[in-house]
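Working notes, beginning with the structure itself.
Any read-out appearing in this document is the output of simple, stated calculations on the displayed coordinates, not a laboratory observation. Worth saying up front: this structure is predicted, and the values here are computed from it rather than measured. A quick note on method: Cβ atoms are made from the backbone with ideal geometry, for glycine too, and the neighbour counts reach across all protein chains shown.
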Amino acid sequence: MHWLVYNASAHAQMEDGKMRNLLSYVSSGMRAEGDELIDDICARMDALNHEEEVMAMIFTMQDEIELQADFAFERGEAEGEARSSKLLDRLFAADRIDDAKRVTIDPAYRARLFAEFGLA
């Protein structure tokens, strides 16, 4: 199997023709007059958009994607907080109070200290 990848947003740089029409439609939703392929795609999409089962499946997938994204964000946030807490604990234990203050405002310095304490 071979794949061809096109940059649909660059359709305006292409010569006129069916491929330009298709990429224009994919990029902007603009339909070229009299293009049978685009007309067929639109007719099929319109039919699918009116099928309750298909729409329910799409919304279910979107809901699942949003739930997964929320979970990943919350997990990442919790992991980041735990890592920052470990760094601050180690800095306080080493009596490095000025470093503890600085890591709260200097992301580059914080990254350096994460590496120094093996928390990277």
### Message
Using each residue's phi in the stretch 96-103, evaluate 6.51 cos²θ - 1.76 cosθ + 1.60 at θ = phi - 60° and report the 3J(HN,Hα) Karplus result to the nearest Hz, with x for Gly and Pro.
### Response
9, 5, 4, 5, 4, 5, 5, 5
### Sites Met30 and Ile58, calculated FRET efficiency, Cβ-Cβ separation with R0 25 Å, nearest 0.05
0.65
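Treating the beta-carbon of each Lys and Arg as +1 and of each Asp and Glu as -1, no other charges, what is the dipole magnitude of the stretch 1-50 about its Cα centre, to the nearest 20 debye? All intermediate terms of the calculation are to be shown ahead of the outcome.
Values: 4 positive and 8 negative charges, 44 e Å.
Charge dipole, the stretch 1-50, about its Cα centre: 220 debye, nearest 20.
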### Query
Tell me, what is the FRET efficiency for Phe114 and Gln68 to the nearest 0.05, using R0 = 30 angstrom and their Cβ-Cβ distance as r?
0.65
### Task
Quickly work out the Arg102-to-Asp39 label distance, labels modelled 7 Å from Cα along the C-beta direction, and quote it in nm with one decimal.
7.0 nm
### Task
Above 23 angstrom, tally the Cα pairs of the chain and express them as a % of all pairs, no decimals.
64 percent
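Quick one: putting +1 on the C-beta of Lys and Arg, -1 on the C-beta of Asp and Glu, what dipole do you get for the chain around its Cα centre, in Debye to the nearest 20?
On the way: 13 positive and 25 negative charges, 210 e Å.
Charge dipole, the chain, about its Cα centre: 1020 debye, nearest 20.
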### Query
In the stretch 1-110, what GluC sites (Glu not before Pro) fall in a loop by DSSP, with at most 13 other Cβ atoms inside 10 Å?
Glu15, Glu33, Glu51
## Note on the structure
With x for Gly and Pro, the residue-by-residue ³J(HN,Hα) of the stretch 10-15, computed from phi through the Karplus equation 6.51 cos²θ - 1.76 cosθ + 1.60 at θ = phi - 60° and given in whole Hz, is 9, 4, 5, 8, 8, 5
